[in-house]
Structures are given as C-alpha cells and as structure tokens.
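Throughout, read-outs are computed from the coordinates displayed, never taken from laboratory work. From a predicted model like this one, the values you see are computed outputs, not experimental measurements. Ideal geometry is used to build each Cβ from the backbone, glycine not excepted, and the neighbour counts take in all protein chains shown.
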Amino acid sequence: MFERVGMTYWAHSRDNTPKNCWQPLKTHLFAVAERAMSFARGFGSGEFGWVAGLCHDLGKYSREFQMRLEDPRVHVDHSSAGARIAAKKYDAMGRIIAYAVAGHHAGLPDGGNTAVEGSLVYRVDAKDIADCSAYDGEIELPSGLPPLHIRPLAGHCGFSVAFLIRMLFSCLVDADFLDTEQFVDPNKSALRGTTATMFDLEDRLTEHLARKTANAPDTRVNRIRAEVLEDCLAAAAGEPGLFTLTVPTGGGKTLSSLAFALKHARLHGLERVIYAIPFTSIIEQNADVFRNAVGSDVVLEHHSNATDRGRDRREDFTEPVDLAEENWDMPLIATTNVQFFESLFSNRSSRCRKIHNMARSVIILDEAQMLPVELLRPCAAALAELVLNYGATVVLCSATQPALDRVFPEGIEAREIARDHSTLYTALKRVNVRNIGKADDYAIAEKLVAERQVLCIVNTRAHARKLFERLGKTEGCYHLSAAMCPVHRTKRLQAIRARLDAGEVCRVVSTQLIEAGVDVDFPTVFRAIAGIDSIAQAAGRCNREGKRERGEVFVFTPAGGEGMSHVWFKRTASIAAPILDKKTDPLALNAVKRYFSDLYFYERTGTHLDSHGIMERMESGAKSLSFPFEEVASLFKVIGDDTFGIVIPIDEQCKDLLADVKAVGINRSLARQLQRYTVSARPWEFARLRDAGTLEDTGGLAVLRDMRLYDDDYGLQAGEDVVKGGDCWIV
C-alpha cells in the first residue's frame, strides 16, 4: 500500500539490499540539479540547469514507478511527467527545458504534434501520464526563469535556441549519469577526474619543447618552426574567439598550436583543449605526440568507431582517462571530426553527454580544409555558437586555409595567428608543381619506371590497382589502399621508408590515404587531378625534409577518366583545372583562397554547403519552439556512406585477440586493439562477402574466414568475381 503522507520516495534501488540502502528521490534530484546548474553556469544558464535537474525525474513520484523499483516488469514513462510539469509551469522557457527532460533517457525528441506519438508535443500535451503530484511535498520549483542568456546568430535564431537545448540536455544527462554512477558504482565514480590544470600542462609542454629544441640543428626549417611557435605564444593573449593558423606542411603546427591552446586556456580560464582531426588513421600518431609532450594521464584519445560499438556492453574502465570517453572531462582530448561534429548534431544521450564540456574550451580543427563541404554551413554555425555563446575559442589550422569568411554567420571574424603566413609559405616552399595534362595509365607507368624513387597518388582503389599492375610486381614496387588493414599498411610503410632512407628503388602507387599525415619523403610525386587541397597534401609527401632545393610534383588528368566517375572528384578537379593551367604557383595562398571560394560558391547561393537543409529545418518551426532533433541527427553524417568493419586475422596477435573475444566477450580494450586489424567495407562489399559465407561472427565482430580473400599487395578482395570463386574455399 502506497501512502503519500510520510512516505519515502526512491530514485534508485540496489539488488538484494533493504530499502534504507536505496537512494532517496529527493537526494538524487537535488544532487543532479546542483551538478547540472554547475555545468550550465559556464554559459550563463545555471538556473535552467537547476530546474532541468529538479524536473528530470519528477515522474518517479508516481505510485507506478515506486512499484517498478520492486518489480521491473512494471513499465513507467517517468520522463514525460517532468517535461509536462516544466512546460506548463514556465511556458516557452519551460518547453526548452522540457526537451532535455523528455529526452534524458531516450534522446532528444522532435517537436512534432499531438498526433505523433513520441514527439515532445504529444508527450507534453496528449499522453496519459501517471500521477506524480506527490512531488510538491518534497520539491519546490522556482517561481520563474530569467530570459535566455544567448546572442542568436544573425538570421538563425532557431538554430541558436536549438543549440542551447542541446547544451542543457548535455548538462542534464551528464549530471544524471554522474550522480547515478556515484550511488550504483562508487568505485568507478571515484576514478573520475584529474587534478592537473592548464598551468600544469603548459609547464610540461614548455619543458618538452625546451628538451626538443636543445639539440635540434640550426637549420632554416627549424628557425621557421621557432618563429611559428613564437607567433602562437604571442597570439595566445588575444581575447577568446575564432582564429586561423596558416602554416605550410613541415612548419611544426601541431605542437605550436597546442602551445597556443594551453597558454590561451590558462590566461582566459578555459577548461580544456579539444584537438579534432579529420583522419582516424592519424589520431594515434597525434595522441602519442601529445602524450609525450604533456603526459599520458591527461590525454584522452577518443576514436569515433571502436569505442562507440561497445557502449552498451560492459566496459573495462580502469583509469580516469578511460572514463573520460563518456563525457570528455579531461584536460586534452584528441578526437575525430566525425566524433566532434556528429556529437553536436546527435540526439542520443550517450553522444550528447560530452558537448557541454566543449563550452569554455580551446577547439583546434586540424586540416580545416577537410571540413565536410555538404555540411559546411551547419558546422560553421555550430562553431560560431561555441564562440559567441559558450566561451570557446576555435582555431582553424591548415596549410591550405579554406575561405570560410562567407560561410560563417555575420559577426564572426577570424584572426590569423601567424604574423606573416605569406612569407612562411615562401620560406617553406620545397616543391615545384606542374600540370602535365592528360595521360593514360601506360604513359604514367612509363614515367614512374623512369624514376628511381617516386610516389603516384590516384583517387580510387580501382585506379590504384590498375596502375600498379602496369608497373608489374617488381622489387621496390608497392601498392597502398584502405583495403589493407592498418597493421598491414604500417608494415608496408616501414618497408617503404627503409628503402627511401637507403636510397634504393622505391615506387609506390597509393590512394589518398597516404596524404593523411603519413610521414614519407619522395623526391618526385605524381598526382591524379583533384582539388588544390589534395594536391597540396600530395606535395607534402615530396621533399618533405627539404633535402633538395626543390622536389617535383606532376599533376595529370587520367585519359580514360579513371577515378573521375564520382561527382565530387569531377567537381573539385574542374575547379582546380583553371588554377593549374595558369603559370603561377597553384599552391600559393591566393590560389588556394580562390580555389576554396570557387568550391564553396560554385552555385551562386552555395546551397550545396547544407545539402540536407539542416539550417532551414531548424528555423521552420522556431516560432513554436518545434525542432526536429531526431530528424537532423539522422541526416547529419560527416561520412555519408555507412561502412562495416571486417577483422582480418593476418597474424598470431590478431588470432590471440579473437580467441580472447570468444572467451570473455568484446570489451573496450579488445575492440581498440582489433581496430588495427580492421578494414572498412562498403555496404555492398560487406553483403557480398556475408552472402558468400566468407565472414563469421566472433563476439559481434565480422571476421574474414578465408585469408585467400586477403591479398598481400591489395588487401581485402571483395570483387564479385573473387568472392564467387571463394564459395568453394569455405569448409
């Protein structure tokens, strides 16, 4: 029998313990409210965080929920009750809070209407909800709320309000998780956090740089790197906002940008540094640089795929840095663009939990030219929000700085950190770029054979394979593509570097993956025509160490249209072509600026910069505070085509890891280690291999059963003819 007067209401139970060991609901609500208010206070919305925390579990004051604690078979929607109470009590301000409360378990809902079950309007205005009026005997809600403490983006008020809702949602979700964890798993909770400050990290980096430069030879390149570092340290005193750092390849921008970030954070009281990288393949490389510089105890390396796959499974967290994957509560985070931007536009509580920790942070976007063009306007709007309303500083870091001045909303202007970036480019210029026009594979193969050491980069795996076959499998010839698992590629790159260092014959045909920060140094590079940014990345693999006066980069247009069938390659190549045809340097700063301006605005309206109409969707229902959070989350994908990971048991270490998966199940540690053995297959490739019976399920992982479908030169073979032939190989 449940009696309202004198009854204790509970938030969480413990298995096999008496009720006096359970967590009182009032205790939980006030603890979550305190945390959420603390998080939201960083962007001037503490009162909203407080009310969201108090309201989020008011539905647990119902008789039905208290019964559920003793009988899990009882189903109760406790989130809708708190959302309804907030919406009714605080009108428009309450509806903003209602989104966060309604979604704190299932995710931010769409605004919708009373006919759409699951929408916010349905849950607030139409759904039958258990009586939870007993809350007013324990919880006193504030009588009112202050006005919104945000400055709306010019022309995008709806986006700004929706972004605030996401931030409040993040504060609430993280506060709820943390307090629940403290009650349910105090040992795990005690692992969280670090005592290291931005001042500590800055000191560590200063000592590291002093050691690094003490024995560095007095070369022209090292003097330039010292100037870049000096510029970064000088600019750090500037007020928080949007910055650009335009430094050519080899200018030492990774550690110099980190030096800027740590000093800037320390001077302005910012709380963390987030370093976002477009390529998963070089996260480990950059994270190792950071760990060596400031210590492994303060660096979170957060990949966007392997860690998320195990999110609903038991995790083997043993260190504070492991736990920080959940909410980014760590001084320095190295992550991907996918993880960073998709979290900002997600509606899932697990993905959004971290985003309140992007406020009052220094956010460095490495290789800024790689921001997804089809999502550029919403990405720029999100960055603008972080700068305008959430106290963040954003640094766009690139050798080929994209022309984003017309993409960012009005009122957002970037400041360049490098005092004389045009002189920097001239000083670090190490290659000549020449356009040699159309050439078929036979002609290119002849040119490659004529060179002792040469790299050729093309746009697709199919073209790379055809061109490599023209060379023949002779000594010193290598092929690289993403069809090879990372362990395989690493070994291949080690062999390539060894031959380059020894002055031996080394001819490599590769897809664009070698442009993703791979440290190789060829005297000559051939590049199939592509965007100017891609050509610049290819040039970064030529005369990288400045051993010669000039390296040679030859750009060619495949005569048979090889690798040019994709609309994106056609577009970037067509915009780059007239720049390449000029007699001037196509990698000069003015040429790069022209390329990006033409790329972003090749249509007068630039509508392709928001291909899914995300900005418009956020504005269409803004007056009624109706936002399509779930719909936008499904549309916003930094990587458009879904891929499926296939584990390649290429060596004994991989086989041992898979044996562990079979024995104990998949966990975070095993997933991270097996990522090094994983190839991403396109949906049709995966289906072809699966339907042919060539894959097996190991603890939820797809593992290649027959290694004859994995070639030492080419990697995973998923062509229809190869897979069909493989049917008879399966025992």
**Report entry** Alpha carbon convex hull of the range 64-152, volume per residue in cubic angstrom
**Finding:** 118 Å³
Query raised in the report: How far, in nm, would the chain grow between residue 438 and residue 131 when pulled straight, counting 0.36 nm per residue and subtracting the alpha carbon separation?
Result: 103.1 nm
Requested in this report: With label points built 7 Å along Cα→Cβ from the Cα atoms of residue 584 and residue 652, find their separation and express it in nm.
Outcome: 6.0 nm
Report summary line: Computed on Cα atoms only, the convex hull of the range 526-570 has an orientation-averaged projected area in nm² of 3.4 nm²
Report task. For the range 432-530, just list the percent of Cα-Cα distances falling in each 5 Å bin from zero outward, please. Result -> 2, 13, 26, 28, 20, 9, 2, 0
Query - Dimensions (Å) - the range 10-188, Cα atoms, principal axes, largest first - result: 56, 38, 28
Report task. For an R0 of 25 angstrom, estimate the FRET efficiency from the Cβ-Cβ distance between residue 17 and residue 190 and round to the nearest 0.05. Result -> 0.80
Query - Relative contact order (percent, whole number), the range 75-151, Cα cutoff 8 Å, 6+ residue spacing - result: 26 percent
Requested in this report: Can you tell me the relative contact order of the range 1-136? Whole percent, Cα pairs under 8 Å, sequence separation 6 or more.
Outcome: 19 percent
Query - Surrounding net charge for residue 374, when Lys and Arg each add one and Asp and Glu each subtract one, Cβ distance under 12 Å - result: +2
Query raised in the report: When a footprinting reagent is the concern and you count Cβ atoms within 10 Å, what order do 65, 199 take, fewest first?
Result: 199, 65
Query raised in the report: Fully extended, how many nm does the chain gain between residue 598 and residue 296 (0.36 nm per residue separation, minus their Cα-Cα distance)?
Result: 104.5 nm
**Report entry** Rounded FRET efficiency, nearest 0.05, which uses the C-beta distance separating residue 608 from residue 410 and R0 of 25 Å
**Finding:** 0.75
Report summary line: Rounded to the nearest whole number, the per residue volume of the convex hull around the C-alpha atoms of the chain in Å³ is 175 Å³
Report summary line: Treating every alpha carbon of the range 644-729 as one equal point scatterer without solvent, the Debye formula yields log10 I(q)/I(0) values at q = 0.13, 0.21 Å⁻¹ of -0.39, -0.97
Report task. Largest first and in whole Å, give the semi-axes of the range 408-488's equivalent ellipsoid, each being the square root of 5 times a Cα gyration tensor eigenvalue. Result -> 37, 19, 15
Report summary line: Given backbone amide H placed at 1.01 Å from N, residues whose amide H is under 5 Å from that of residue 555, ignoring those fewer than 5 places away on the same chain, are 434, 435, 436, 527
Query raised in the report: In which sequence would 593, 438 go, from the one with the fewest C-beta neighbours within 10 Å to the one with the most?
Result: 438, 593
Query raised in the report: What number, in percent, do you get for the relative contact order of the chain if the mean sequence gap of Cα pairs under 8 Å and at least 6 apart is divided by its residue count?
Result: 13 percent
**Report entry** Charge dipole (debye, nearest 20) of the range 124-245; +1 at Cβ of Lys and Arg, -1 at Cβ of Asp and Glu
**Finding:** 920 debye
Report summary line: If amide H atoms are modeled at 1.01 Å from N in the peptide plane, then the residues at a separation of 5 or more from residue 702, or on another chain, having amide H under 5 Å from its own are 647
Report summary line: Neighbour-count ranking for 358, 707 (other C-beta within 10 angstrom, fewest to most) reads 707, 358
Query raised in the report: Considering amide H positions built from the backbone, and no H for Pro or chain starts, which residues 5 or more places from residue 300, or on another chain, come under 5 Å of its amide H?
Result: 332, 333, 334
